[in-house]
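Here's the structure, in C-alpha cells; my notes come after.
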Amino acid sequence: MIAEAIRRTNPKSRPDLASTYRRLGLAMRALEREAEAEEYLKTARDADPQGRWSKLARAALGEKRVWRE
C-alpha cells in the first residue's frame, strides 16, 4: 500500500511528493511507528521546502504525542 501510494505520486510535482510523504508520515505516527513517521515527514519537508505541505510536515515533526491508550 505504501509503495502503491509512492508509485502513483507524480515524481515531477514537488507538492504532490510532499503531500504523499506527509500523509504517510502521519499514518505511521497513528500506527505508533515513530521512526518511520519521522523519515516520511523529513522526506515531505525536503520535497518542496517552500510549499504548504512541507510546512505542515515541519510542523508535524515538531509535535510530540501527548497521550497513549
**Asked** Would you say Pro15 is of a type outside the set (A, V, I, L, M, F, W, C) and outside any helix (DSSP H, G or I)?
**Response** no
**Fill in**
Of (1) at pLDDT 95 or above; (2) among the basic types (Lys, Arg); (3) not in a helix (DSSP H, G or I), Lys42 fails just (3)
**Message:** For Glu4, only one of the following conditions fails: (1) surrounded by 11 or more Cβ atoms within 10 Å (Cβ to Cβ); (2) in a helix (DSSP H, G or I). What is its number?
**Reply:** (1)
**Asked** Can you tell me which residues in the stretch 12-30 are surrounded by fewer than 18 Cβ atoms within 10 Å (Cβ to Cβ), modelled with pLDDT of 95 or more and over 15 Å from Trp53 (Cβ atoms)?
**Response** Lys12
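The values are calculated or read from the model by the stated rules, or taken from the named source; none is laboratory data. A quick note: this is a predicted structure, and the numbers were derived from the prediction, not measured. Note: ideal-geometry Cβ built from the backbone for every residue, glycine included; neighbour counts use all protein chains shown.
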